[in-house]
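The values are calculated or read from the model by the stated rules, or taken from the named source; none is laboratory data. Because the structure is a prediction, the values reported are computed rather than measured. Please note: Cβ atoms are built from the backbone with ideal geometry, for glycine as well, and neighbour counts cover all protein chains shown.
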Amino acid sequence: MCTRILLSIPRGKDNLSTNFAELVTGFEIKEVETMKVTVENRVLELVEGDITEMETDAIVNAANAQLILGGGVAGAIRRKGGPKIQAECNKIGGTFVGGAVITTAGNLKARYVIHAVGPRMGEGNEDEKLRNATLNSLKLADENKLKSISFPAISTGIFGFPIQRCAEIMLSTAIAYLRGSTGLEKVVFCLFGHSDYLLFAGQLEQETSK
């Protein structure tokens, strides 16, 4: 099921626009696209948006092995979540490629951040490492009795992993996990950019038609 939702968002006083209708009404119309499927009475959802704004029990950070919140998704989490997240990462000290650890979410809307270390393209065995990063995040959510989790497209930023392969691996792993014994009720993939969303949507259609 694919849903297109129109949201009316009040504009701030300092938010200027050249659109006459927006100036007259004081509202900006944004279109949010989502896609939901049911897997064994559990929800798998795709959304286009900012993962730091997700209200699931946990969001997943595309982390490095040192757990240093630098740029990309990690940098956004650090800026919005505050210093507590990095402080807990420092105590943990790091993890392996394909591994995942959990910390507070600080000031974010989520309760926890799961830091999953995906592969850098070219380091070898990348597909298996990405699959493990996804699977270990899901297992960690279950171990902490969480009901919902949001993923980004892990490793597709500065790590250079191809977005199509990422979609294939992460979606197939999540679907297989939801078909098993799990307390998770909802898995979300939050994609930054419409092209990534469309690619994941196309792949999800393929996965659920098998």
- Task: Inspect region 107-125 for any residue being within 25 Å of S209 (Cα to Cα) and either among the aliphatic types (A, V, I, L, M) or surrounded by fewer than 21 Cβ atoms within 10 Å (Cβ to Cβ) (or both) and give the result as yes or no.
- Result: no
- Task: Restrict the check to region 141-157 and report whether at least one residue is within 16 Å of N61 (Cβ to Cβ), more than 15 Å from the chain's Cα centre (by Cα) and in contact (Cβ under 8 Å) with a residue 12 or more places away in the chain.
- Result: yes
- Inside region 37-72, can you point out the residues that are touching a Leu at 6+ places or on another chain (Cβ under 7 Å) and charged (D, E, K, R)? E40, R42, E48, D57
- Where residues in region 172-195 are buried (at least 21 other Cβ atoms within 10 Å of the Cβ) and within 15 Å of the chain's Cα centre (by Cα), which of them is farthest from P162 (Cα to Cα)? V187
- If V60 satisfies every condition in (1) more than 16 Å from K186 (Cα to Cα); (2) in a strand (DSSP E or B); (3) modelled with pLDDT of 95 or more but one, which is the exception? (1)
- Task: Working only within region 78-104, note down all residues that are part of a loop (DSSP other than H, G, I, E, B) and farther than 17 Å from L138 by Cα.
- Result: G82, G93, G94
- Note on the structure: I154 meets each of (1) surrounded by fewer than 24 Cβ atoms within 10 Å (Cβ to Cβ); (2) touching a strand residue (DSSP E or B) at 6+ places or on another chain (Cβ under 6 Å) with one exception, condition (1)
